[in-house]
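This report refers to the structure that appears directly beneath it.
The values are calculated or read from the model by the stated rules, or taken from the named source; none is laboratory data. This is a predicted model, so every value here is computed, not measured. Note that we place each Cβ from the backbone using ideal geometry, even for glycine, and neighbour counts take in every protein chain shown. In case anyone asks, the SASA skips ligands and DNA or RNA and just uses the protein heavy atoms, side chains included. Shrake-Rupley method; radii C 1.70, N 1.55, O 1.52, S 1.80 Å.
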Amino acid sequence: MTKIAETILDFALPERCPACGDISSDGNNFCAMCWPKIRFLNPPWCTGCASPFEYEQAQGVLCADCLSTPPQHDGIRAAVAYDTTSRQIALRLKYGGKIGLAKLIARHLVRHLPHERSDIIVTPVPLHWTRLWSRSFNQSALIGRELARLGDMEYCADLLKRTRRTPSMRGLSSKERRKVVGSAFIANPKHMPQIAGARILLVDDVLTTGATSNGCIKALKKSGASWVQLFCWARVVRGETVSETITDTLPT
Ligand SMILES: [Zn+2]
Ligand SMILES: [Zn+2]
């Protein structure tokens with residue numbers, strides 16, 4: 001788009017707050033009401049799962065959970081804590097067709113990218129093709145592509161494939177969810193040579209139970225990926241309860 005066209009468009013469409021949708025004077029940013037409610041995540045946090053620590057710790061310290069059960073992944077990076085406000089943004093992107101939000105989310109994730117990233121391949125958590133067909137886009141793919149562009153990394157839309165639709169997980173325990181979702185992903189056979197030994201950055205919109213991302217990470221590691229880090233917009237912070245109604249409205 002030309003600069004003039006962009007300016008006209010900016011003028012014609014007032015910027016709206018990504019959280020509440022109210023017109024925001026501060027172009028493309030959160031309104032004064034929502035800004036203080038956004039909880040950006042930053043170190044100090046666990047080197048493994050990036051759960052926030054209350055106090056400054058030495059570099060490379062793991063939380064008790066990661067020490068007792070070493071995670072499959074090589075780190076989780078989320079821009080914000082998962083709550084009513086950040087969930088609203090995820091839902092707007094997912095169902096409201098607010099594709100510009102993917103760019104905003106990617107911008108907030110750039111600061112968490114590893115310094116050394118020239119060999120990293122970025123790939124999204126895939127949707128089942130029937131969902132992709134009905135919704136016409138994969139929100140995680142939009143975030144991933146933009147993040148790859150901003151961080152100057154390779155992007156591959158389909159390193160992973162979803163072999164079946166995930167049934168409703170209402171009322172299932174986290175262990176049951178893991179079982180249902182865990183086997184729904186495989187590494188894409190056509191990209192096997194690319195995956196072997198690769199460093200991969202997996203992108204999802206939100207991290208709640210971890211069942212979906214774990215299934216993806218397991219599939220990538222099984223196919224020889226040497227390092228897989230998960231990047232997402234919002235994550236549930238340990239110790240904070242997320243009501244069933246919230247997770248239920250976010251089918252994976
Ligand atoms: Zn707002
Ligand atoms: Zn941890």
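Key figures
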| quantity | calculated |
| --- | --- |
| Count of residues meeting criterion [buried (at least 16 other Cβ atoms within 10 Å of the Cβ) and either modelled with pLDDT of 85 or more or closer than 16 Å to Trp45 by Cα (or both)] in the stretch 232-246 | 6 |
| Looking only at the stretch 43-73, and only at residues there that are within 9 Å of ligand 2 (Cβ to nearest atom) and not in a loop (DSSP other than H, G, I, E, B), the one that is least open to solvent (accessible area, probe 1.4 Å) | Cys66 |
| So Phe40, is it more than 15 Å from ligand 2 (Cβ to nearest atom), within 18 Å of Leu207 (Cα to Cα) and either within 20 Å of the chain's Cα centre (by Cα) or at pLDDT 85 or above (or both) | yes |
| Unmet requirement for Arg170, which otherwise passes all of (1) modelled with pLDDT under 90; (2) assigned to a helix (DSSP H, G or I) | (2) |
| Condition broken by Asp119, with the remaining ones in (1) buried (at least 22 other Cβ atoms within 10 Å of the Cβ); (2) modelled with pLDDT of 95 or more satisfied | (1) |
| The stretch 94-111: number of residues that are within 10 Å of Gln139 (Cα to Cα) and outside any helix (DSSP H, G or I) | 3 |
| Flag if Ser86 is of a type in the set (Ser, Thr, Tyr), in a helix (DSSP H, G or I), under 30 Å from Asp152 (Cβ atoms) and in the same structural domain as Ala198 (by TED's automatic domain parsing) | yes |
